[in-house]
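Asks: Sharing a structure, written as C-alpha cells. Questions coming.
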4 protein chains.
Amino acid sequence: MSRISNTDLQELIDTQLPWVRAMGMTVETMEEGRCRVRLPHRDEHLRPGGTVSGPAMMGLADYAMYVGVLSAIGRVELAVTTNLSINFLRRPQPAAILADCRMIKVGRRLAYGEVFLSAEGAEDEGPVAHVTSTYSIPPDRAD
Amino acid sequence: MSRISNTDLQELIDTQLPWVRAMGMTVETMEEGRCRVRLPHRDEHLRPGGTVSGPAMMGLADYAMYVGVLSAIGRVELAVTTNLSINFLRRPQPAAILADCRMIKVGRRLAYGEVFLSAEGAEDEGPVAHVTSTYSIPPDRAD
Amino acid sequence: MSRISNTDLQELIDTQLPWVRAMGMTVETMEEGRCRVRLPHRDEHLRPGGTVSGPAMMGLADYAMYVGVLSAIGRVELAVTTNLSINFLRRPQPAAILADCRMIKVGRRLAYGEVFLSAEGAEDEGPVAHVTSTYSIPPDRAD
Amino acid sequence: MSRISNTDLQELIDTQLPWVRAMGMTVETMEEGRCRVRLPHRDEHLRPGGTVSGPAMMGLADYAMYVGVLSAIGRVELAVTTNLSINFLRRPQPAAILADCRMIKVGRRLAYGEVFLSAEGAEDEGPVAHVTSTYSIPPDRAD
C-alpha cells in the first residue's frame, strides 16, 4: 500500500509542482514503491510528425520517480532529484505515454529507482525510453 | 566557426522543435563544438519559491546539446538524443539559466558532450547542474 | 535460446578478454537476451572487511553485458561498451556476486541493457548494485 | 592545496584499497579538488591488440575520484562511490593512461566530479573516456 494518500499527493502537486498539472499528467496506479503515471497525447508535447518530445518524456519520468519515492517514504516535502539518466530507445507512436516506476533501493538518505516509458496501446513493441534516477531525502524527516 | 548558420538553426527549431521557441530559449554564442544557450526567467518554468523546475533545466540542457552537435557537424535533421544524464547540484537562484555546452567527442555515429548550467549573475557560486549527453547521428548524412 | 554457443563464447573470452578468465568469472545461465554471470569470492576482489571492491563489480557487470549482447546478436567480435553506469546500493556480503543481465533494446547499431548484482545467498536482501550499459555494434556485421 | 597529505593517502590505500597498489597506479599531482593519477602500461591491463581493458579504465577512474574527493574534504575513511558513469570515446593507444579528475561540487553529503582519461603521449588526440561520479560522505565526519 502506498505510504502517501492520493489526497496528500495531490496537495503537494498543487503547491509544489504546478508543471505536473499543466502537463496533464495523472497517477494511474500507486502502491508502495511502484506507480504508473500517464502523460496524455497533446499537441504541446509533440515534435513534428507526432512524436513526443524529449523534454516531455523527461518531465514524465521525473514526476513518476517523485510519486514512486513518496509512495515508499510517505509525505516528505523536500525530496529532490539528484540524478536522472534517460536512454531513448525508440521513437514513440503518437499516443499517450505510460511511465512505470519501480523503486530499487530506498535508504535513509537516498532513494533509487527505474522508470520504463511506453506508448499506450503499443506496450508490446517495447519501451520507448528507460530512466534511472536518484532522489535525495532530507536528513531531518520524521521516521 | 559554427558549421551551421544561425538562419539554418532557426529554421530547424521552427519546424522541428517548437517547444524550444515556446520556452523562450535563445542561443547566446555558438562556435564549432561549443555554445551558450539561455533560458529566461519566467513563471511557467518555476517551482514555488522561485526555483527553476527540473524539467525546464532538462529541456534547456537537451537544446544546448542539440545546438552543440549541429555546431560541430552542420545541418543534420535527424540527429537524436540517445542518452541524457543530469546531476542537480544546487537550487538555482530565481534568475535566467545559462547552459554552456562543449562537445567532447564528435564521431561518425555518435556525438558526446557536456553542459554546465548556472544561474545568470551567480555563475561564481558554481554550476546548478551538470549534464552529459550522447546524440546519435544518422548513418547516411553527406560529409 | 542464445544466439551464441558456449563454445564460441569461450573462444572469444580466451582470445579477446583474458581478464575475464583471470577474475574467475563463469556464465551460469544464458538464453537470448538474458544471462547470469558469477564472480567467485576471492581475496583479490575484496576490500578490507570482506566487501567486494568497486572495480571487481564493474568488471563483472561489463562482462555480463558482453554476454547478454552476444546472446542476442550472435558472435560479433567488435561489439564494444560505449557507456556503463553503475549505482552502488549496499555493501555486499562477503560472498560470490551474481550478475543478472537483461537486454532492454537490441537495435542495429546500439544494444542497451541492465544488470542487477546481488550477493549469492543473500539475494532477498536486494541488489548490491544496478548497472545500465550501452554497447555499440559494428555496422558491417553480417545479419 | 590538498586537504589530505600524501602520507595519509598512502596509508588509506595500503589499508583500504589494496587493488590500487596491485594495479600499479600512482598519484602524479594533487591539489584541492583536482588530481592526476597514472595507470602504467602492463600486460595484465590489456586486451589483445594492446588496448587497455574497460575494467582497468574503470578502476583507474574510480581511484582518481577517490583521490579527488579526499583532496577536497580531507581524510575521511568511509567515503564510498554511489554512482560511476563512464563513456568510452576512443580505443586508447598502447600506453599508460592518465586520469585527470576535477571535483565539480563538494557538499556535506555528496561529492560530484568528472574524470578525463587519455593515453600518455597522445593527449592531443582527445580523451579515450570521460567519467562522472558521485561519492557519498558519511554524515558524522568532523568538520
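The values are calculated or read from the model by the stated rules, or taken from the named source; none is laboratory data. Bear in mind the structure is a predicted one, so any value in this text is a computation, not a measurement. Here the Cβ positions follow ideal geometry from the backbone for every residue, glycine too, while neighbour counts run over all protein chains shown. Heavy atoms of the whole protein, side chains included, go into the accessibility calculation; ligands, DNA and RNA do not. Shrake-Rupley method; radii C 1.70, N 1.55, O 1.52, S 1.80 Å.
Asks: Only residues that are of a type in the set (Val, Ile, Thr) and in contact with a Phe, Trp or Tyr (Cβ under 7 Å, 6 or more places away or on another chain): list them for the stretch A:84-104, please.
Replies: Correct list: A:104 only.
Asks: Assuming residue A:132 fulfils every condition listed in (1) outside any loop (DSSP other than H, G, I, E, B); (2) over 15 Å from the mean Cα position of the chain (by Cα) apart from one, which condition is it?
Replies: It fails just one condition, (2).
Asks: Here is a check on your reading of the model: is residue B:70 out of contact with any strand residue (DSSP E or B) (no Cβ under 6 Å at 6 or more places or on another chain) and surrounded by 23 or more Cβ atoms within 10 Å (Cβ to Cβ)?
Replies: Judged against the criteria, residue B:70 is a match.
For every residue, the table says whether it meets (1) of a type in the set (D, E, K, R); (2) at pLDDT 95 or above; (3) in contact with a helix residue (DSSP H, G or I) (Cβ under 8 Å, 6 or more places away or on another chain).
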{"residue": "B:1", "(1), (2), (3)": "no, no, no"}
{"residue": "B:12", "(1), (2), (3)": "no, no, yes"}
{"residue": "B:16", "(1), (2), (3)": "no, no, no"}
{"residue": "B:37", "(1), (2), (3)": "no, yes, yes"}
{"residue": "B:41", "(1), (2), (3)": "no, no, no"}
{"residue": "B:52", "(1), (2), (3)": "no, no, yes"}
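Asks: Considering only the stretch D:76-99, state which residues are of a type in the set (S, T, N, Q) and more than 12 Å from chain C (Cβ to nearest Cβ).
Replies: Hit for the stretch D:76-99 is D:93, nothing else.
Asks: Limited to the stretch B:57-75, what total is found for residues that are in contact with an Asp or Glu (Cβ under 8 Å, 6 or more places away or on another chain), more than 8 Å from chain A (Cβ to nearest Cβ) and within 19 Å of residue A:56 (Cα to Cα)?
Replies: Here the count works out to 1.
Asks: Moving on. Being hydroxyl-bearing (Ser, Thr, Tyr) and under 16 Å from the mean Cα position of the chain (by Cα) is the filter here, so list the residues in the stretch A:25-57 that pass it.
Replies: A:26, A:29, A:53
Asks: What is the number of the single condition among (1) more than 22 Å from residue D:107 (Cβ to Cβ); (2) modelled with pLDDT of 95 or more; (3) open to solvent by 10 Å² or more (accessible area, probe 1.4 Å) that residue B:89 does not meet?
Replies: (1)
Asks: Which of the residues spanning the stretch A:111-129 are assigned to a loop (DSSP other than H, G, I, E, B), at the interface with chain C (Cβ under 10 Å from one of its Cβ atoms) and of a type outside the set (A, V, I, L, M)?
Replies: A:126, A:127
Asks: Turning to a different aspect of this structure: Condition test on residue B:12, is it outside any loop (DSSP other than H, G, I, E, B), open to solvent by less than 10 Å² (accessible area, probe 1.4 Å) and away from chain A (no Cβ under 14 Å)?
Replies: When the stated conditions are applied, residue B:12 does not pass them.
Asks: Name the residues in the stretch B:31-46 that are more than 19 Å from residue B:20 (Cβ to Cβ) and open to solvent by 50 Å² or more (accessible area, probe 1.4 Å), would you?
Replies: Those that are more than 19 Å from residue B:20 (Cβ to Cβ) and open to solvent by 50 Å² or more (accessible area, probe 1.4 Å): B:31, B:32.
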